[in-house]
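Single-structure report; data block below.
Read the figures in this text as sums done on the coordinates, not as results from a lab. Because the structure is a prediction, the values reported are computed rather than measured. Because the Cβ atoms are built from the backbone with ideal geometry, glycine has one as well, and the counts that use them run over all protein chains shown.
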């Protein structure tokens, strides 16, 4: 299967994503913010990044821009609960910047796994 990087500032969310993806047969790495996520992506052969949009240090939108600048083919799935704003607006912006898919929190893991598997063969 694939090597997936989950970037989210909430440990419990990282853990839930990691468990669900590993149960589906994927190798999973985690990062607590966009800066660390970007570093891990650059040092590892990551197939897909699942990226929270609202995070401290380096938010998801900024992370997408930086990752796309170094690898225009990076496969990103953006997720957001909306924070203080509207999740749909954040996710729309992520799509405009090149995210391959978006999910609102709470995430439907069955749908997420289907999308991950699809992106791996794309």
When restricted to 89, 108, the only residue closer than 24 Å to residue 22 by Cα, more than 12 Å from the chain's Cα centre (by Cα) and without any contact (Cβ under 8 Å) to a residue 60 or more places away in the chain is 108
### Query
Does residue 62 satisfy the condition of being more than 19 Å from residue 1 (Cα to Cα), surrounded by 13 or more Cβ atoms within 10 Å (Cβ to Cβ), over 12 Å from the mean Cα position of the chain (by Cα) and touching a residue at least 12 places away in the same chain (Cβ under 8 Å)?
yes
Looking across the stretch 21-57 at residues that are touching a residue at least 60 places away in the same chain (Cβ under 8 Å) and crowded, with 18+ Cβ neighbours inside 10 Å, the single one that is farthest from residue 70 (Cα to Cα) is 24
For the stretch 24-76 the number of residues that are part of a strand (DSSP E or B) and over 16 Å from residue 98 (Cβ atoms) is 6
When you scan the stretch 13-22, do you find a residue that is under 11 Å from the mean Cα position of the chain (by Cα) and assigned to a helix (DSSP H, G or I), even just one?
yes
